[in-house]
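To start, the structure under review is shown below, and the notes come after it.
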Amino acid sequence: MNELGLQPFLILSAFLFSCGVVCIATKRNAIGVLMGVELLLNASNLNLVAFARFKPGFALDGQVFALLVIVLAAAEVAVALAIILNFYNNHATVDVDAADSLRD
Amino acid sequence: MSLPVALFAVVATVTAVSALGVVLAANVVRMAVWLLFTLIGVSLLYFLLGAEFTAAAQLMVYVGGTLVLVVFGVMLTASGPLRELRTKPAQLVVGGVLGAVLFGLLVVVSFRIGTPSTASEGELPGPAPLGLSFLGFTETSPEGTLSGVPAGQVVPRTPVAYLLPFEIVSVHLLVVLVGAAYLARAKRRVKP
């Protein structure tokens with residue numbers, strides 16, 4: 001094994017994606033859920049850049065998509081944190097299990 | 001073992017271990033620190049792939065901007081018992097099994113893709129072609145055929161590459177800034 005191929009990057013990205021899914025599914029802290037989303041976005045970004053490197057004709061597109069995802073993730077975090085802060089101000093907790101007032 | 005393979009092994013191990021740390025840590029502050037190492041590891045992988053500009057953008061925007069925002073959120077909300085919210089063990093088991101199954105599925109799929117034969121040919125474009133494509137100066141027609149289009153048919157493509165997504169993202173950022181500032185503003189007390 002002397003040449004670095006596409007597969008190791010895909011497997012690492014799959015691992016990051018699974019970690020993100022488990023993080024979203026099991027964390028009770030709303031900011032922990034947000035970190036899980038960050039892991040998901042990073043995994044998909046790693047996939048995009050790896051394909052840009054190893055697929056001919058995709059060199060520009062993969063990097064451009066990755067940059068757009070990075071910028072949109074920053075925007076998403078800003079809005080999500082604003083919502084979480086509002087929730088914290090109203091309910092004095094960041095437990096996502098407490099956000100069930102629509103149920104009643 | 002060549003240098004890229006050895007570097008990949010080290011960086012991938014650090015990234016995977018810190019991603020696992022994000023999942024397993026109970027304390028929010030520790031989760032943020034683990035996430036920091038994961039983001040830095042992913043950026044190093046971009047450098048390893050030859051995408052220098054994307055790696056620099058990842059370092060600046062993600063590590064310097066997004067993670068600082070997350071840490072501010074942790075600081076503003078983590079008080080007393082909220083710093084460590086324990087998950088029920090049953091939920092952890094179900095989530096872990098789900099994640100393991102998903103990981104296995106993704107690994108199987110990624111082995112079925114197969115490594116493209118032209119691995120050595122790919123040299124990623126630097127910041128100048130990226131910027132020109134964002135400004136719409138580069139023609140970006142993929143060499144391959146589009147799926148769903150008959151073989152002989154010419155697909156009309158505009159030469160303006162990524163100008164429209166660039167503008168949409170910039171307007172989106174402006175809207176998000178206004179929205180976030182409106183959502184998180186300090187409530188004024190109404191004087192009776």
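Side notes on the structure shown:
- Packing-based exposure ordering (other Cβ within 10 Å, fewest first) of A:Lys27, B:Lys88, B:Lys187: B:Lys187, B:Lys88, A:Lys27
- Rounded to the nearest whole Hz, the Karplus-based 3J(HN,Hα) values (6.51 cos²θ - 1.76 cosθ + 1.60, θ = phi - 60°) of region B:65-74 follow the sequence x, 5, 5, 5, 4, 4, 5, 4, x, 4, with x at glycine and proline.
- Scalar couplings 3J(HN,Hα) for region B:86-92, obtained by applying the Karplus form with A = 6.51, B = -1.76, C = 1.60 to θ = phi - 60°, are 7, 8, 5, x, 4, 5, 4 Hz; x denotes Gly and Pro.
- Averaged over the residues of peptide A:64-73, the number of Cβ atoms from other protein chains lying within 10 Å of each residue's Cβ is 6.
- Counts of other chain beta carbons within 10 angstrom of each beta carbon in peptide B:95-106 average 5.
- All C-alpha to C-alpha distances of the protein assembly as shown, sorted into 5 Å bins beginning at zero, yield P(r) values of 1, 5, 10, 14, 16, 15, 13, 10, 7, 5, 2, 1, 0, 0, 0, 0 percent in whole numbers.
- Loop trypsin sites (Lys or Arg not before Pro), region B:1-103 (other Cβ atoms within 10 Å of the site Cβ: 15 or fewer; DSSP): B:Arg86
- Here is the tail figure for chain A: Cα pairs spaced more than 17 Å apart come to 62 percent of all pairs.
- For region B:1-82, the convex hull spanned by the alpha carbon atoms encloses 65 Å³ per residue.
- Label-point separation in nm, B:Val101 to B:Ser170, each point 7 Å along Cα→Cβ: 4.7
- Per-residue HN-Hα couplings for region B:37-49 [Karplus 6.51, -1.76, 1.60; θ = phi - 60°; Hz; x = Gly/Pro]: 5, 4, 5, 5, x, 5, 5, 5, 5, 4, 4, 5, 7
- Number of partner chain Cβ atoms within 10 Å, mean per residue of B:167-175: 2
- Residue list for region A:48-80, given a label point 7 angstrom along the Cα-to-Cβ vector of A:Gln7 and an amide N cut-off under 17 Å: A:51, A:54-55
- Projecting the Cα atoms of A:Val37, A:Gly5, A:Val77 onto the charge dipole of region A:5-104, computed from C-beta unit charges around the Cα centre, puts A:Gly5 farthest toward the positive end.
No value in this document is a laboratory result; all are computed from the given coordinates. Please read these numbers as outputs of a predicted model, since none were measured by experiment. Every residue, glycine among them, receives a Cβ derived from its backbone with ideal geometry; neighbour counts consider all protein chains shown.
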